[in-house]
Amino acid sequence: MAKHYQAASLFCLPTHLEAFGISFIETMHHALPAVGTDLGAIPDFVIEDQTGYRVRVGDVDGLTRVLDGLLSAPEEMQRLGQNALKLARERYTWEKVGSRLGAHFREALAEAATSV
């Protein structure tokens, strides 16, 4: 997939059903701006005018406007892509995710131990 991401200018997944969206995180690590919908966790990392843009589910006209605008503004895509890469490195590496999960597990175990 890396060669495809490297050849791309942006990533677009106007999904109708998505709980998290790992494909968005993968593309962020390749400095690609993203276009997605307002579902699940997508708004946590596809941040309007920072890492990409979101449209309502089924909004074909809105999706067309966003894509046309981005494809005609390579500097804007580069800015969004660099912001996406920065956010991905800050929040979405295995080390950082694992550390947060570990902290949650330790907290849950400590609470369970004190409630017995």
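A few comments on the model shown:
- Residues whose amide H comes within less than 5 Å of that of Thr15, counting only those at least five positions distant or on another chain, are Thr37 (H built at 1.01 Å from N in the peptide plane).
- For Met77, net neighbour charge (Lys/Arg +1, Asp/Glu -1) across residues whose Cβ lies under 13 Å away: -3
- Arranged from fewest to most other beta-carbon atoms within 10 Å of their beta carbon, Met28, Met77, Met1 become Met1, Met77, Met28.
- When the Cα positions of Thr114, Tyr53, Ala31 are compared along the charge dipole of the chain, Thr114 comes out farthest toward the positive end, with charges on each C-beta of Lys, Arg, Asp and Glu.
- Using only side-chain charges placed at the Cβ, +1 for Lys and Arg and -1 for Asp and Glu, the dipole size of the chain relative to its Cα centre rounds to 360 debye.
- Annotation: amide H of Gly52 within the under-5 Å range of Ala34, Ile47, sequence separation 5 or more or interchain, hydrogens built in the peptide plane.
Every number here is computed from the coordinates shown, using simple stated rules; none is lab data. The structure displayed is predicted, hence computed values, not measured ones. Here the Cβ is made from the backbone with ideal geometry for all residues, glycine too, and neighbour counts use every protein chain on show.
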